[in-house]
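Before any comments, here is the structure.
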Amino acid sequence: MKVLVAVKRVVDANVKVRVAADNRGVDLTNVKMAMNPFCEIAVEEAVRLKEKGVATEILVVAVGPKEAQEQIRTALALGADRGILVEAADAQPLAIAKILKAIVDQEKPGLVITGKQSIDGDNNQVGQMLAALTGMGQGTFASEVNVADGKVKVTREIDGGLQTVELKLPALVSTDLRLNEPRYASLPNIMKAKKKPLDIKAPADFGVDVAPRVKTVKVEAPAARKAGIKVKTVEELVAKLKNEAKVIQ
Amino acid sequence: MSVLVYAEHDNASLKAATLNVVAAAQKIGGEITILVAGSGCGAVAQQAAKVAGVAKVLVADNAAYAHQLAENVSALVAEVGKGYKHILAAATTTGKNFLPRAAALLDVQMISEISGVVNATTFQRPIYAGNAIATVESAQAINVLTVRGTAFDPAAAEGGSAAIENLSTATDAGVSSFVGEEIAKSDRPELTAAKIVISGGRGMQNGDNFSMLYKVADKLGAAVGASRAAVDAGFVPNDMQVGQTGKIVAPELYVAVGISGAIQHLAGMKDSKVIVAINKDEEAPIFQVADYGLVADLFQAVPELEKLV
């Protein structure tokens, strides 16, 4: 079974981003970029499926700027077999899903794994949209994935606890934080990954229009909280909460 | 102008999150219809009809919708939603699961987790873990939106008398089935609805120590949450996680115990009215957002707190 994994290049999770001075976005000058953490989990899950003999080939796809080749190379170093970069900076989720749909039609994977959301736009849409466009069943926010007998059983993290669904293959899984702990790439594997095939494509190759449907008018910093105080004892804390903040009785 | 609101429920009762979505719909303006999709969900429809400001309730009562499977629900919403200018759902794990799928079926670029309505086509939403607020505008024929509950005061649950209409539509996409679920049972209030939330982090050291927080919570009528670190370490289950990718809370009082204050955690609680941080590391970033900070060993401070409240 072929597994397709979608990955995204985003600002590193440890960077505290700042709004750009012109209020058109956030300032990403000289900011460290990385693979979206949920996508790392998606790659790891695919690699584990391959190690178990369930997956035979892992295709990693990114829709993003030219530099997203770095994230594809990282996935290749982690165990993916080949990559496709569709060059389109700032494509919105529906356009990304349409590009991925075209690739799914060509490649016919048995399973598609995406991260549940990217930590830049926080949209949480691409996986569900791709499932809609391909007619696949979707197991979103997955914390456990078991493939057997032409089906995949997915345990999902939901607001009240956990839910398990069963999907016919081909299906889509989107990863939550506790699905697995991604490994690090070894140096020999990083070297080997440089020789693995990576195709560069354009949205037009798939007939997809990536013009934004939703326009960003402005981006602002959230209202800042005013500085608080330090209290010395628990008594003082409780007194402040009762008499000053009046949030407890 | 017409707005379709998707009801969040468990087939027995309407969830409070729906009231926040109705409030967002009221800000958008126009006639509000609530869609209840479920199985044996008649009582939910009755409750939805009483929500203030709602004109109509549509009910799709069918086994295919019993567990809110995204494949089935999204097909229904895309079909029913064609006649509306706006389709709204709560930004819960249910709404986040099916609504992007419905949007794609409608060929609409959805707008996730709005925190403000500027006008009927312009919305605000947090990006980058809430470190920036984007104002976005859409000229699409239909706007499909999830709504961040904490950003909108709930509409009144009583006072309306909407007409209830049954839909005969039933779609079973046939690609997915429900196997089972483990729902946490608790007598404490729901995290996203509680007026007081007490959360523990890695500093709690293990799951048993959370009993200290439960004791304080029970005296205050509070809900108990956790940081990602505490959930990842297996101290407590995932449904307790507060943060960028967990639950978003904005209670009157948020008490962070043994939580350092990673960006991703702050994203889930920094709109709380009053924030208290208890941490032995005075350099912990949580103190930068706390109204009241106590630098102390939580194993002494929390039992003391329990005695004093």
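Structural remarks
- Just one of the listed residues (B:Ala170, B:Ala155) is closer than 20 Å to B:Pro251 by Cβ and assigned to a loop (DSSP other than H, G, I, E, B), and it is B:Ala155.
- Any chance B:Ser161 is within 8 Å of chain A (Cβ to nearest Cβ), at pLDDT 95 or above and out of contact with any Leu (no Cβ under 6 Å at 6 or more places or on another chain): no
- The range B:265-277, residues that are under 21 Å from B:Gln205 (Cβ atoms) and at the interface with chain A (Cβ under 8 Å from one of its Cβ atoms): B:Val276
- Matching residues in the range A:21-61 - criterion: being away from chain B (no Cβ under 13 Å), open to solvent by less than 30 Å² (accessible area, probe 1.4 Å) and in a loop (DSSP other than H, G, I, E, B): A:Ala55
- Yes/no for A:Ile158 being under 18 Å from B:Gly180 (Cβ atoms), out of contact with any Cys (no Cβ under 9 Å at 6 or more places or on another chain) and within 8 Å of chain B (Cβ to nearest Cβ): yes
- Just one of the numbered conditions (1) more than 30 Å from A:Thr74 (Cα to Cα); (2) part of a loop (DSSP other than H, G, I, E, B); (3) more than 8 Å from chain B (Cβ to nearest Cβ); (4) of a type in the set (D, E, K, R) is not true of A:Asp209: (1).
- Looking only at the range A:113-141, and only at residues there that are among the hydrophobic types (A, V, I, L, M, F, W, C) and assigned to a strand (DSSP E or B), the one that is nearest to A:Val15 (Cα to Cα): A:Phe141
- Cross-chain or 6+ apart pairs with Cβ under 9 Å, the range A:226-237 first and facing chain B (nearest Cβ under 7 Å) and within 15 Å of B:Asp297 (Cα to Cα), then open to solvent by 60 Å² or more (accessible area, probe 1.4 Å) and not aliphatic (A, V, I, L, M): A:Lys230/B:Glu282; A:Val234/B:Gln300; A:Val234/B:Glu304; A:Val234/B:Lys307; A:Glu235/B:Glu304
- Subset of the range A:118-175 that is over 25 Å from B:Ala129 (Cβ atoms) and acidic (Asp, Glu) - its residue that is farthest from the chain's Cα centre (by Cα): A:Asp149
Conditions tested, residue by residue: (1) within 15 Å of B:Thr94 (Cα to Cα); (2) touching a strand residue (DSSP E or B) at 6+ places or on another chain (Cβ under 9 Å).
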{"position": "B:Ala16", "(1), (2)": "yes, no"}
{"position": "B:Val21", "(1), (2)": "yes, yes"}
{"position": "B:Gly29", "(1), (2)": "no, yes"}
{"position": "B:Thr33", "(1), (2)": "no, yes"}
{"position": "B:Ala48", "(1), (2)": "no, yes"}
{"position": "B:Ala52", "(1), (2)": "no, no"}
{"position": "B:Val80", "(1), (2)": "no, yes"}
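- Residue-level check: of (1) in contact with a strand residue (DSSP E or B) (Cβ under 9 Å, 6 or more places away or on another chain); (2) under 19 Å from A:Pro65 (Cβ atoms); (3) open to solvent by 10 Å² or more (accessible area, probe 1.4 Å), A:Lys98 misses just (1).
- Filtering the range B:70-81 to residues that are within 12 Å of chain A (Cβ to nearest Cβ) and open to solvent by 20 Å² or more (accessible area, probe 1.4 Å) leaves only B:Ala75.
- So A:Val147, is it open to solvent by less than 30 Å² (accessible area, probe 1.4 Å) and either more than 9 Å from chain B (Cβ to nearest Cβ) or in contact (Cβ under 8 Å) with a residue 40 or more places away in the chain (or both): no
- Tallying residues that are under 15 Å from B:Val309 (Cβ atoms), open to solvent by less than 80 Å² (accessible area, probe 1.4 Å) and part of a loop (DSSP other than H, G, I, E, B) within the range A:212-249 yields 4.
- Residue in the range A:187-198 that is within 9 Å of chain B (Cβ to nearest Cβ) and within 30 Å of B:Pro100 (Cα to Cα) present: no
- Within the range B:177-230, tally of residues that are open to solvent by less than 20 Å² (accessible area, probe 1.4 Å), of a type outside the set (Phe, Trp, Tyr) and assigned to a helix (DSSP H, G or I): 5
- Hey, A:Arg183 more than 7 Å from chain B (Cβ to nearest Cβ) and either open to solvent by 70 Å² or more (accessible area, probe 1.4 Å) or closer than 30 Å to B:Ala301 by Cα (or both) or not: yes
- Residue in the range B:263-270 that is among the small types (Gly, Ala, Ser), more than 19 Å from B:Thr92 (Cα to Cα) and open to solvent by less than 10 Å² (accessible area, probe 1.4 Å) present: no
- Scan of the range A:101-132 for residues that are open to solvent by 10 Å² or more (accessible area, probe 1.4 Å) and hydroxyl-bearing (Ser, Thr, Tyr), ordered by number: A:Ser118
- Condition met for B:Ala250 (within 29 Å of B:Gly116 (Cα to Cα) and in a strand (DSSP E or B)): no
- Applying a threshold of 8 Å to beta carbon distances and a minimum spacing of six or more residues, or different chains, the list of pairs starting in the range B:44-56 at a residue that is without any contact (Cβ under 8 Å) to a residue 40 or more places away in the chain and ending at one that is buried (at least 17 other Cβ atoms within 10 Å of the Cβ) and of a type in the set (Val, Ile, Thr) reads B:Val44/B:Val36.
The values are calculated or read from the model by the stated rules, or taken from the named source; none is laboratory data. What you see is a predicted model; the values in this text were computed from it and never measured. Neighbour counts are summed over all protein chains in view; Cβ atoms, including those assigned to glycine, are modelled from backbone coordinates with ideal geometry. In case anyone asks, the SASA skips ligands and DNA or RNA and just uses the protein heavy atoms, side chains included. Shrake-Rupley method; radii C 1.70, N 1.55, O 1.52, S 1.80 Å.
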